[in-house]
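Visitor: One structure, as structure tokens, below. Some questions next.
The values are calculated or read from the model by the stated rules, or taken from the named source; none is laboratory data. All values reported here derive from a predicted model rather than from experimental measurement. Glycine also receives a Cβ, built like all others from the backbone with ideal geometry; neighbour counts cover every protein chain displayed.
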Amino acid sequence: MESSELRGTSLRIYLHLLESDSPKGIRELSRELGLPVSTVHYHVRKLRELGLVREVPEGLVVSRRVRLEGFVYLGRRVVPRLAFYSAFFTGVLLGLAGITLTSGDLNPDRVVALVVSAVATAVTALEAYYVRRSLLS
């Protein structure tokens, strides 16, 4: 199954179930996602037909993961790949800042490297946030 077949409300419900620590019932999903019970019921039925969700005695759980373009799974969390770039640039920024503070050598090259690292960190972090938010809307 491609992620293109899974979008909108169905995707929100799927991700909520995937990232939850315990099985969820229809009413619980409705309350947590702020959706009408009938809407949740419709989309859960659709997810069941696709084989992505199954019912256990305690509620609904994800039975199969789908590949989501631009995202990776970390345990139960779905994380934008851009978040890893942001973490890398954050490390570079912190490393450069540490070297600069301990050496006391603030030259023009180091300033440029600090600014570029800070901008790269901010841009990739914001993009990761917006990509994640667009996935859930």
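Visitor: Any chance you could count how many residues in the range 13-30 are under 21 Å from the mean Cα position of the chain (by Cα), free of Cβ contacts under 8 Å to residues at least 60 places away in the same chain and assigned to a helix (DSSP H, G or I)? Before you say what the answer is, go through the steps one by one.
Guide: Residues of the range 13-30 that are under 21 Å from the mean Cα position of the chain (by Cα), as a first pass: 13-24, 29-30.
In the following step, the residues that additionally are free of Cβ contacts under 8 Å to residues at least 60 places away in the same chain were identified as 13-14, 16-17, 19-24, 29-30.
After this cut, where a residue has to be assigned to a helix (DSSP H, G or I) as well, the list is 13-14, 16-17, 19, 29-30.
Here the count works out to 7.
Visitor: Something else now. Does residue 98 meet the test of being small (Gly, Ala, Ser) and on the phi > 0 side of the Ramachandran plot?
Guide: On the way: small (Gly, Ala, Ser): yes; on the phi > 0 side of the Ramachandran plot: no.
Answer is no for this residue.
Visitor: Quick check, is residue 104 at pLDDT below 95 and under 19 Å from the mean Cα position of the chain (by Cα)? Let's see the steps before the verdict.
Guide: Values: at pLDDT below 95: yes; under 19 Å from the mean Cα position of the chain (by Cα): no.
Judged against the criteria, residue 104 is not a match.
Visitor: Take residue 72 and tell me if it is in a strand (DSSP E or B), within 23 Å of the chain's Cα centre (by Cα), under 28 Å from residue 53 (Cβ atoms) and not assigned by TED's automatic domain parsing to the domain that holds residue 34.
Guide: Values: in a strand (DSSP E or B): yes; within 23 Å of the chain's Cα centre (by Cα): yes; under 28 Å from residue 53 (Cβ atoms): yes; not assigned by TED's automatic domain parsing to the domain that holds residue 34: yes.
Judged against the criteria, residue 72 is a match.
Visitor: Follow-up question, since we're still on this one. Out of all the residues in the range 44-78, which are in contact (Cβ under 8 Å) with a residue 24 or more places away in the chain and aliphatic (A, V, I, L, M)?
Guide: 44, 47, 50, 52, 53, 56, 60, 61, 62, 66, 68, 78
Visitor: Right, something else. Please determine, by comparing only the residues of the range 23-74 that are out of contact with any helix residue (DSSP H, G or I) (no Cβ under 9 Å at 6 or more places or on another chain) and closer than 22 Å to residue 131 by Cα, which one is surrounded by the fewest Cβ atoms within 10 Å (Cβ to Cβ).
Guide: 34
Visitor: Still on this structure, please answer the following. Look through the range 105-137, keep the residues that are among the small types (Gly, Ala, Ser) and assigned to a helix (DSSP H, G or I), and return whichever of them is farthest from residue 82 (Cα to Cα).
Guide: Residues of the range 105-137 that are among the small types (Gly, Ala, Ser), as a first pass: 113, 117-118, 120, 122, 125, 128, 134, 137.
Cutting the leftovers down to assigned to a helix (DSSP H, G or I) gives us 113, 117-118, 120, 122, 125, 128, 134.
Details: 113: 20, 117: 15, 118: 15, 120: 11, 122: 11, 125: 7, 128: 5, 134: 14 Å.
Among those residues, the one meeting the criterion is 113.
Visitor: Only one of these conditions is not met by residue 102: (1) out of contact with any helix residue (DSSP H, G or I) (no Cβ under 9 Å at 6 or more places or on another chain); (2) in a loop (DSSP other than H, G, I, E, B). Which number is it?
Guide: (2)
Visitor: If the Cβ limit is 7 Å and pairs must be 6+ apart or interchain, which residue in the range 118-137 that is outside the structural domain of residue 15 (by TED's automatic domain parsing) pairs with which residue that is of a type in the set (Phe, Trp, Tyr)?
Guide: 120/89; 121/89; 124/85; 124/89
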